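Below is one structure; the comments refer to it alone.
Taken together, the values in this text are just the output of simple stated rules run on the coordinates, not laboratory data. Values in this document were obtained by computation on a predicted structure and should not be read as measured data. For neighbour counting, all protein chains shown are included, and Cβ atoms are generated from backbone atoms with ideal geometry for every residue, glycine included.
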Amino acid sequence: MSAFEPPPLADEVELAAPPALVPGAMAHSRPYVAAPAHNQALGFPAERVPDWERRAVEKLGELLERSRALRVFLDSCVKCGACADKCHFFIGTGDPNNMPVARQDLLRSLYRRHFTVAGRLLGRHVGARDMDEALLQEWYTYFHQCTQCRRCSVFCPFGIDTAEISMAAREIMDAIGLGQKYSNEIIGKVHKIGNNLGLPEPALANTLEGLEEDVLEQSGAAVKFPLDVHGADVLLVTPSADFFAEPHVDGLIGYAKVFHQAGISWTLSSHASEAANFALFIGSYEQMHKIAQRIRQAAVELGVKRIVFGECGHAWRVAYAFLNTLAGPWDFLDPAYPVPQHIVEVTHELIRRRGIVLDRDANAGKTVTFHDSCNVARASRMGDAPGGQFVLPREVIKAAVPSFVDMHRDTTHDRTFCCGGGGGLLTDDLLELRIKGARPRMQALKEVVEQQGVTHMAAICAICKTQFAKVLPAYGFPMEMVVSLHQLVGQAIRLG
């Protein structure tokens, strides 16, 4: 699995215990730099610009003009320490630079030097720094050790959002020609082909035909996986991982079975065959806009009445919080469904009014817990009950399996721990970091496995599922423990 040992899990959950400090423990961890072609494809400088120090300061000034919140976040911190031990990367690595406040200060130091009177006059005495090679390398290292999960902001008394600061720093680095390979290459594939995997339309169509054959052989039901069907009621926009790897593809099969039994006409689009919007991770509104526009174009051209998003955490966050601004208005949709829905909302409503019927016994022997994905539980919502409880996914799971168990109350809902692979970090360049960052979630999972017999952990985020499939074995859990929520639904649904 790796050339290093993951941090051991404790015999009992010790969420309040901060790790021992290991200064510089993760200073070596950094992703590959984007190739010139990847930067150019997005309109960024091919390589680091000659006057990058000046340009970095100018770009920060532009972001401060664009976002009043960013300036407030940079001005507000009083170093109270409330966020210090809330970051999964700090807990997993012990590196003090992974405390949210320390990561924020990497950008705050440049802000103070050039945009505050105290910083201009007193310099390092008030934590101000000039942009130089040393600071830039710290930025590239530690702003790529943030999954932008926002757990720290839940505990910050001022609501400072480290994710916004990380996104700003990455946007500045892209502006001077120091982009990250993983995110920039993926965004380029979406612009060129329509999905993160670079999967062209013929290959996508062939994949869907293969899934139809598989489901027919397994269940005897002619469940369709339609592509580019004009006049369908629903346009499903799902992460491209759903077309291939397990457990993702089992989730796609679950969506198809739900639509099939409910009699809902639906389609995928070869033009917009990707729900994910990695531009969020680099803070680029322009790139987010271009990706979102593909979805609008597909919906208009296909003449659909509803848009439904599949199991992808940050795709749903973009849809929930930004899609109307990025690609609206959506006035051509059915007035009963004027905004995009999450597939969990669709399935939950169908279960409630018995539009589909589930048989829990089909999942006999499974005791399931649920991983609240950050970008859904903390950065967006879906049909929540009063009090903000994130109930819909749990109710769908309970309808599909005989036994459900929640994790520790301090690791669920808006206090959930990140999987450790989000925010553009789901690359093997950062595998050591990802495994160490998963430690808090693995600790909470260990408790319910040992004390309550949990056999599976369901998730509704493609990144979470991919991350867990990689890191579960490092902590002694089987890879197959992580499942798609709609994998459970698909196994429980009665076709016919």
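No disulfide-compatible partner, judged by a Cβ distance under 4.7 Å, exists for the following cysteines of the chain: 77, 80, 87, 146, 156, 312. Net charge of the neighbourhood of residue 311, taken over other residues with C-beta under 11 Å away and scored Lys/Arg +1, Asp/Glu -1, is -1. In a fully extended conformation the segment linking residue 336 and residue 297 would gain 12.0 nm over its present Cα-Cα distance, using 0.36 nm per residue. Working note: Karplus 6.51/-1.76/1.60 with θ = phi - 60° gives region 258-269 the couplings 4, 4, 4, 5, 7, x, 9, 6, 8, 7, 9, 10 Hz, where Gly and Pro are set to x.
Across region 360-492, Cα-Cα pairs farther apart than 18 Å form 51% of the total.
In this Cβ point-charge picture (+1 for Lys and Arg, -1 for Asp and Glu), the chain has a dipole of about 1200 debye about its Cα centre.
Value of Rg to Rh for region 45-178, rounded to two decimals, is 0.95; Kirkwood radius and Rg both from alpha-carbon coordinates. Please determine, in degrees from 0 to 90 and to the nearest 10, the orientation of helix 201-219 with respect to the longest principal axis defined by the Cα atoms of the chain, where the helix direction is its Cα long axis. The angle comes out at about 50 degrees. Normalised by the number of residues in region 360-492, the mean separation of alpha-carbon contacts (under 8 Å, six or more apart) gives a relative contact order of 33 percent. Charged neighbours of residue 349, selected by a Cβ distance under 13 Å, balance to +2 (K, R count +1; D, E count -1).
The relative contact order of the chain, computed from alpha carbon pairs under 8 Å that lie at least 6 residues apart in sequence, is 19 percent. Here the Karplus relation 6.51 cos²θ - 1.76 cosθ + 1.60, evaluated at θ = phi - 60°, turns the backbone of region 374-381 into coupling constants of 4, 6, 9, 6, 10, 10, 7, 8 Hz, with x for every Gly and Pro. When peptides 251-260, 457-466, 112-121, 79-88 are ranked by their average number of other Cβ atoms within 10 Å per residue, the highest-first order is 457-466, 251-260, 79-88, 112-121. For region 133-213, the fraction of C-alpha pairs farther apart than 22 angstrom is 49 percent.
Students often check this: by mean Cβ neighbours within 10 Å, which of 339-350, 66-77 ranks highest, and how do the rest follow? Mind showing how you got there, number by number?
On the way: 339-350: 21.6, 66-77: 15.8.
My ranking of the peptides, most packed first, is 339-350, 66-77.
Scalar couplings 3J(HN,Hα) for region 148-159, obtained by applying the Karplus form with A = 6.51, B = -1.76, C = 1.60 to θ = phi - 60°, are 6, 7, 6, 5, 4, 5, 5, 9, 6, x, 9, x Hz; x denotes Gly and Pro. Summarising the amide proton neighbourhood of residue 483: residues at separation of 5 or more, or on other chains, whose placed amide H is nearer than 5 Å comprise 457, 458, 459. Structural descriptor for region 196-352: relative contact order 25 percent, calculated from alpha carbon pairs under 8 angstrom and at least 6 residues apart. Normalising by residue count, region 266-346 has a Cα convex hull of 86 Å³ per residue. Among (1) 23.5, 81; (2) 25.5, 90; (3) 22.5, 76, find the value of Rg and Dmax of the Cα atoms in Å that was calculated from the structure presented, and write down its label. It is the value labelled (3). For region 293-312 and region 348-378, what is the separation of their Cα centres, given in Å? First find each Cα centre; the distance between them is then 24 Å. Filter the cross-link list 192/305; 181/290; 257/398; 290/398; 192/224; 59/436 down to pairs whose alpha-carbon distance in this structure exceeds 29 Å. Violating the 29 Å Cα-Cα cut-off are 290/398; 59/436. Take each peptide in 185-197, 202-214, count the other Cβ atoms within 10 Å of every residue, and average; sorted highest first, the result is 185-197, 202-214. Annotation: amide H of residue 404 within the under-5 Å range of 368, sequence separation 5 or more or interchain, hydrogens built in the peptide plane. In a DSSP loop and with at most 12 other Cβ atoms within 10 Å, the chymotrypsin sites (Phe, Trp or Tyr not before Pro) in region 283-368 are 332.
DSSP finds beta bridges in the chain, and of those with both partners inside it, around 10 percent are antiparallel. Using alpha carbons only, the radius of gyration of region 196-352 set against its Kirkwood radius gives Rg/Rh = 0.95.
What whole number of Å gives the distance from the Cα centroid of region 205-244 to the Cα centroid of region 40-93? First find each Cα centre; the distance between them is then 41 Å. Across all directions, the average flat footprint of the convex hull enclosing the Cα atoms of region 35-86 is 5.9 nm².
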